[in-house]
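Data first, discussion second: the structure below is written as structure tokens.
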């Protein structure tokens, strides 16, 4: 440190802070938001911290400085974080007659409030779905009062009713033999589920939409928000998510079938929320067969993966794809899975 020039000393101080925060973030999956909400907020910044530490490592490496060891050690300790953010191998796509294709897509109310300039978002989303023909389709922020028409599908909560909260919809090419909803209090978010039959197997499919922070993700508008307000809002959101996940896991524990969990978690793969839902009995299809960053949310400065397709370990993951269609603030994802 003494031999470093003044500019490099400043760089190393910032490097040390980034390395320390990334190291602390490795504890986040084990810290319930209700116990320490302040620390949980850090999970949203993990992708940025990873990128910063990679840049610092390269910076010191090019100068052949021993300071590169700091970020290198922290990155190696969190290698699983790297693989969760970016898949270095090419996307695995194995054709199998037993494959079941599962798609999850937050359609953002079909652009009813004209966040996007296009006037044909709903029609374009419908065309995209018809082209991809997923066997199971899970939509979040879906307008049940303005449904889309898909031939060859059974559906649950795909049109308006007075019993289940609007917002989530499930379509299946396989017969639906049971369905239901977990209604969370004081929110428009919920979880819906169906049991579908394929051949001799009954499969439970959950479509999850956890509490949103309500924070404006437009960076220019975000600058007008105070850091205290943002911090308080996100902390409150993560506490609500924990309550919602606890209710969901109670329901899931009673399910006797092989399970698929899809949806918008409004949280990252580095969070307590994700760890609790995934548990030890599910596979993250992106980690098994994805490629690149797997970015599912349109955020300007770093990739956010907050939409997931998790499947029972009794499935084999034969493919995963993140689409680049810009028809929502989320990107659709699709996995190909097969029963062993």
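The values are calculated or read from the model by the stated rules, or taken from the named source; none is laboratory data. A quick note: this is a predicted structure, and the numbers were derived from the prediction, not measured. We place every Cβ from the backbone using ideal geometry, glycine too, and count neighbours over all the protein chains shown.
A compact table of results
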read-out	value
Residue, modelled with the highest pLDDT, within the range 303-312, restricted to residues that are out of contact with any strand residue (DSSP E or B) (no Cβ under 6 Å at 6 or more places or on another chain) and not in a strand (DSSP E or B)	305
Odd one out for residue 81, checked against (1) at pLDDT 90 or above; (2) under 15 Å from residue 268 (Cβ atoms)	(1)
Qualifying residue in the range 271-280 (condition: surrounded by 24 or more Cβ atoms within 10 Å (Cβ to Cβ) and on the phi > 0 side of the Ramachandran plot)	no
Hey, residue 97 part of a loop (DSSP other than H, G, I, E, B) and without any contact (Cβ under 8 Å) to a residue 12 or more places away in the chain or not	yes
Residue satisfying condition, being surrounded by fewer than 21 Cβ atoms within 10 Å (Cβ to Cβ), in contact with a strand residue (DSSP E or B) (Cβ under 6 Å, 6 or more places away or on another chain) and within 30 Å of residue 239 (Cβ to Cβ), within set 184, 193, 174	184
Qualifying residue in the range 318-332 (condition: buried (at least 24 other Cβ atoms within 10 Å of the Cβ), under 12 Å from the mean Cα position of the chain (by Cα) and over 30 Å from residue 35 (Cα atoms))	yes
Lone qualifier among 71, 104, 16, 25 - being assigned by TED's automatic domain parsing to the domain that holds residue 303 and at pLDDT 90 or above	104
Residue list for the range 282-301, filter: over 14 Å from the mean Cα position of the chain (by Cα) and assigned to a loop (DSSP other than H, G, I, E, B)	291, 300, 301
Qualifying position, being within 26 Å of residue 319 (Cβ to Cβ) and under 13 Å from the mean Cα position of the chain (by Cα), among 258, 275, 252	275
